[in-house]
Amino acid sequence: MVERALLVRFYFDPSEAVEAESLLDELGELVKTLGIEVVESVLPRCREMHKKFLCGTGKAAEIAELARAHECDVIVIDNGLAPSQQREWERLADLCVIDREEVILDIFAKRAQTREARLQVELARMQYALPRLTRMWGHLDREGGGAGGQSGGSAARGMGEKQIEVDRRLANLSIERCKRELESVCKQRKTQRKERERVGTPLAAIVGYTNAGKSSLLNILSGADVMAKDMLFATLDTTTRRIALPDGQALLITDTVGFVRELPHRLIEAFKATLEEAVLADFLIHVVDATAPEVERFHDTTLEVLKELGAEDKEIVTVLNKIDLVTDPATLTALEWTFPDALRVSSLTGEGLEFLLHACAEVMAHRVGRNDYRIPQQRADLVSLLHREAKVLSTDYDGDDILIRAIVPPTISGRLEAFANPAT
């Protein structure tokens with residue numbers, strides 16, 4: 001069981017020292033999320049990148065000795081490791097050696113709840129493991145049962161086929177199976193999306209750096225009970241809730257998985273089915289943690305991931321969350337200077353939520369119109385439609401007619417056009 005970890009990040013340019021230290025701190029939070037104790041963190045600077053260990057052989061030997069001295073179970077290297085480098089490190093240290101990507105994959109595997117999220121994580125993990133088969137695929141049954149139910153280890157092999165080839169073939173089959181199942185899930189999601197588009201309810205996607213408070217914001221806006229904890233990647237599965245805006249328009253709000261610096265590309269690819277909610281949303285609510293020391297860097301990271309997803313042109317409402325925890329006037333001034341158009345909000349106290357809702361209504365103002373209608377009393381179906389799909393502002397009566405003023409979304413305005421009452 002892995003309980004004690006030594007963390008390492010190499011940097012090669014003196015100008016990268018501050019960011020490298022920040023990334024190493026973030027790695028520590030990621031590792032702690034897995035329940036592993038961080039014994040020590042080291043931040044060596046190397047003059048050049050070496051092919052075998054990233055660093056020189058002497059520095060690698062020092063790090064391996066330090067890990068053994070601390071009785072560590074694992075060395076976690078924040079820089080991405082090629083499969084050959086990972087194997088060289090493990091030979092040298094005689095310990096498990098992993099990189100940031102494997103840490104994030106393990107966190108995702110623990111947190112995935114829905115079938116879609118589990119499939120996405122499984123796909124990403126297998127794609128990561130494929131070039132590392134000599135180390136990663138020891139769990140494949142080498143004695144029997146590894147050939148789709150056939151008995152006997154030899155039954156799984158073709159003539160002259162090596163075990164590594166069997167493992168690679170099984171891994172590729174599992175990857176293809178995962179992709180097929182994900183395609184099926186994506187079709188279901190598309191069907192749900194078509195139904196939502198038919199109804200015409202606009203969608204806002206909540207995006208932001210991990211642990212910025214996205215789930216907490218969704219909870220307080222909608223009364224949902226999405227898990228919201230002070231930890232990285234607390235939730236992976238998207239949750240969509242319906243709320244009412246001040247102008248009476250309905251809005252669907254979707255929470256999305258948090259972003260992080262150096263988020264592995266294969267994870268972005270695997271989670272595109274989930275993250276495409278951000279691409280297809282009418283607009284985005286970008287939640288920024290106002291208490292984060294590197295708030296500007298986190299903000300920029302989210303924009304970079306959105307650009308990779310093809311969602312950089314979406315209209316964005318920026319929210320400075322956790323503003324109730326910022327008590328230093330100088331910090332508040334700096335935040336206002338850096339994010340002049342951002343709304344100051346607290347998902348804990350509710351501060352600023354009314355301004356956020358009004359901002360959402362302004363973004364979607366073009367979708368609604370205030371209209372007057374004269375509807376015969378025998379057309380109670382239209383009156384019910386207005387109460388169900390629009391916001392009724394006033395109701396009056398004139399003889400056998402019902403006079404209604406309402407804010408009407410375009411999805412139903414055509415059905416009421418014949419009863420428009422321009423004289424009022």
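Quick rundown of the values:
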read-out: Loop-located chymotrypsin sites (Phe, Trp or Tyr not before Pro) in segment 1-75 whose Cβ has at most 13 other Cβ within 10 Å (DSSP); value: none
read-out: Measure of compaction for segment 65-105 (Cα Rg per 2.2 N^0.38 Å); value: 1.10
read-out: Length added when fully stretched, SER22-GLU362, from 0.36 nm per residue minus Cα-Cα; value: 118.7 nm
read-out: Cα-based shape type of segment 4-106, given that a ≥ b ≥ c are square roots of the gyration tensor eigenvalues and the cut on a/c is 1.5; value: rounded
read-out: Amide H within-cut-off set for HIS50, under 5 Å, with H built and near neighbours excluded; value: CYS55
read-out: Hz values of 3J(HN,Hα) by residue in segment 91-101 - Karplus curve (6.51, -1.76, 1.60), Gly and Pro given as x; value: 5, 5, 8, 6, 9, 5, 10, 10, 10, 4, 4
read-out: Rounded D (µm²/s) - segment 276-424, Kirkwood Rh over Cα pairs, Stokes-Einstein at 25 °C, 0.890 mPa s; value: 132 µm²/s
read-out: For segment 368-419, convex hull of alpha carbons as volume per residue, Å³; value: 61 Å³
read-out: Linear extension gain, GLU304 paired with GLU37, 0.36 nm per residue minus alpha-carbon span; value: 93.0 nm
read-out: Placed amide H near THR256: partners under 5 Å, 5+ positions off or other chain; value: ILE206
read-out: Full-stretch length increase - ALA330, GLU65 - with 0.36 nm per residue and alpha-carbon distance subtracted; value: 90.9 nm
read-out: Which listed pairs, of LYS32/LYS52; LYS214/LYS314; LYS32/LYS214; LYS187/LYS391; LYS214/LYS307, have C-alpha distances above 25 Å, in listed order; value: LYS32/LYS52; LYS187/LYS391
read-out: Highest average packing first - 177-186, 343-352, 212-221, Cβ atoms within 10 Å; value: 212-221, 343-352, 177-186
read-out: Cβ crowding within 10 Å averaged over residues, with 242-248, 165-171 ranked highest first; value: 165-171, 242-248
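Any read-out appearing in this document is the output of simple, stated calculations on the displayed coordinates, not a laboratory observation. Since we're looking at a predicted model, the values are computed, not measured. Virtual Cβ from ideal backbone geometry, glycine too; neighbours counted across all protein chains shown.
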